[in-house]
1. Pick from 377, 297, 349, 386: which is touching a Pro at 6+ places or on another chain (Cβ under 8 Å) and either within 24 Å of residue 419 (Cα to Cα) or outside the structural domain of residue 256 (by TED's automatic domain parsing) (or both)?
2. Looking only at helices (runs of 4 or more DSSP H) that fall completely inside the stretch 109-225, which ones have 3 or more residues that are at pLDDT below 85, within 26 Å of residue 53 (Cα to Cα) and over 26 Å from the mean Cα position of the chain (by Cα)?
3. Against the condition without any contact (Cβ under 8 Å) to a residue 40 or more places away in the chain, of a type in the set (D, E, K, R) and within 20 Å of residue 440 (Cα to Cα), how does residue 347 come out, does it pass?
4. Might you check whether a residue that is touching a residue at least 24 places away in the same chain (Cβ under 8 Å), surrounded by fewer than 19 Cβ atoms within 10 Å (Cβ to Cβ) and more than 20 Å from residue 268 (Cα to Cα) occurs anywhere in the stretch 143-154?
5. Determine, yes or no, whether residue 379 is under 30 Å from residue 284 (Cα atoms), polar (S, T, N, Q) and modelled with pLDDT under 90.
6. Evaluate the following for residue 309: is it at pLDDT below 85, at negative phi and surrounded by fewer than 23 Cβ atoms within 10 Å (Cβ to Cβ)?
Amino acid sequence: MMMRKDSRFVTLRGNIASLSGGSLRANGGGLFLVATGIANLASFGFHLATSRLLGPAGYGTLGSLLGLVTAAALPSSAVQAAIGRRVALHQGQDQASTSPISAPPPAILRGALAGLACGLAVALLTPLVDDFLNLADPVPALLLAITVGLTVASIAPGGVLFGALRFRALALALTLGALSRLAFGSLLVGLGYRLTGATAGSMLGAAVSLACLLWPFRPRRVAGTVPATEATPSSASAVPGAERDQWAVVGPTLLAIAALAGVSTFLGVDTALARHFLGPRAAGDYAAAATIARVGLFLPGSIALAVFPRLAATQRVEDQRRLLREALGLTALVAGAAATVLALEPRLLTGAFFGQAYRGAAGPLVVLASAGVAVGLGSVLVYFFLSRHSPLALSWWAALGTLVVLVFFAHRGPLLIAWETVCVSGATTVLLLLSSMRAVRPRRGAATRQDLQSVQHAPLTPREDRSARLSFESDSPLPEETGQVLGEV
């Protein structure tokens, strides 16, 4: 009975069901989930509004520029997760949502300096960006550099709020930032500032979001106490073993940053290549098709994030295989349904979302819908290999290089670039899938943890005892009680 209950606990259904638990709702987790949905709708609305106001030529350039912001934003989730984990270890989950936030000004200052460094780096690359995207005005690229800097500066306060379970503050920052981007971007483009106005709207949205994230860290002095930001210890030395734990997570965190950067860069590189090699109108049609095709990637990304903690927590191959099978099945169902709808009515969707000026986006949309399925499945597989600290999680960088080479030699039109994107993403996903099947394949002649624990209920034969002892000596360390049972046998 206990083994059956444990197996059910590590399933994907149990993990998703736990998201609606009372503790999460009490800390504002439900509000944060709602805010995430609002932010995604506002982001899509920003693309719809600017695409109609800019037209295909201007929107193709805007989509390429915003791809750089996406490449910086997605890997930041790995850094935020590491920061949140540190804060949770310091404060403890029982008091995380009620105790004062233990984030000293130096931590926020280091985040601001990192954002400044990233912004300056992108600003120095502005001439290359202008040349690659055929931009006559350098102002949009410079505004993009400021947006990247603000996005990176938001990592530290966002991570601390995650670890402290301040979901209400996160929900406020997420919602106001997305709505500000939509409002300012649409207003400035409508006033005639066009591409500069659209990028300025993204910059102002990032600034509003950062201000909301920094607001909980303001110094607050209560009578007879020290300021709230100094009320709890925040240095690594205040926690026993924290220094060792800090170095233990550096490697996995860097691997996660590199892997997620590969996925996010692959998602935007085809739009940038289309803007570089194609005419302005054809590039705009491709950008519109890519935007619609990737709307369905939100749910697969949520599935990957939901299953990742369970994959990282369990060491049993059977549980990993079951989790991976359920996650891939659910992702294929959701992404496949979205791709089917996109493929059946491409002209209707492009006309409804972007207007009749984007009629040329219907052809690439049919093809890119399949790429959305491949990237959705590939994202789940990336998180699977991240849970095992495997360098196979970096496979999308190889896919990125392959796509760049293919488009460089063959770029006759948006449809050809779309087919090249589908072929590269599909091949990468298939290779990752085959590798994952090999990783979770049961080994012959080796006893599993469940097999070893069963000695409490049934004696082992001499052959089973020898196999179990060999597996125990060669595999990873098993629980202490299992080793005691083996010693008694």
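The values are calculated or read from the model by the stated rules, or taken from the named source; none is laboratory data. Here the structure is a predicted model, which is why all the values come from computation and not from measurement. Heads up, the Cβs are rebuilt from the backbone with ideal geometry, glycines too, and the neighbour counts pull from every protein chain shown.
1. Numbers: 297 fails: touching a Pro at 6+ places or on another chain (Cβ under 8 Å); 349 fails: touching a Pro at 6+ places or on another chain (Cβ under 8 Å); 386 fails: either within 24 Å of residue 419 (Cα to Cα) or outside the structural domain of residue 256 (by TED's automatic domain parsing) (or both).
Checking each option against the conditions leaves just 377.
2. Details: elements: 126-132, 139-153, 155-163, 167-188, 194-214.
Hits in the stretch 109-225: 126-132.
3. Working: without any contact (Cβ under 8 Å) to a residue 40 or more places away in the chain: yes; of a type in the set (D, E, K, R): yes; within 20 Å of residue 440 (Cα to Cα): no.
No.
4. Initially, the stretch 143-154 is screened for residues touching a residue at least 24 places away in the same chain (Cβ under 8 Å), giving 143-154.
If we keep only those that are surrounded by fewer than 19 Cβ atoms within 10 Å (Cβ to Cβ) as well, we get none.
No; the residues of the stretch 143-154 include none that is touching a residue at least 24 places away in the same chain (Cβ under 8 Å), surrounded by fewer than 19 Cβ atoms within 10 Å (Cβ to Cβ) and more than 20 Å from residue 268 (Cα to Cα).
5. yes
6. Numbers: at pLDDT below 85: yes; at negative phi: yes; surrounded by fewer than 23 Cβ atoms within 10 Å (Cβ to Cβ): yes.
The answer is yes for residue 309.
So that you can scan it fast, the table gives a plain yes or no per residue for (1) outside the structural domain of residue 303 (by TED's automatic domain parsing); (2) among the aromatic types (Phe, Trp, Tyr); (3) buried (at least 24 other Cβ atoms within 10 Å of the Cβ); (4) within 19 Å of residue 396 (Cβ to Cβ):
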site: 335; (1), (2), (3), (4): no, no, yes, yes
site: 338; (1), (2), (3), (4): no, no, no, no
site: 344; (1), (2), (3), (4): no, no, no, no
site: 360; (1), (2), (3), (4): no, no, no, no
site: 364; (1), (2), (3), (4): no, no, yes, no
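Table: residues versus (1) in a helix (DSSP H, G or I); (2) touching a residue at least 24 places away in the same chain (Cβ under 8 Å); (3) small (Gly, Ala, Ser).
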| site | (1), (2), (3) |
| --- | --- |
| 259 | yes, yes, yes |
| 265 | yes, yes, no |
| 268 | yes, yes, yes |
| 271 | yes, yes, no |
| 291 | yes, yes, no |
| 328 | yes, yes, no |
| 336 | yes, yes, yes |
| 352 | yes, no, yes |
| 360 | yes, yes, yes |
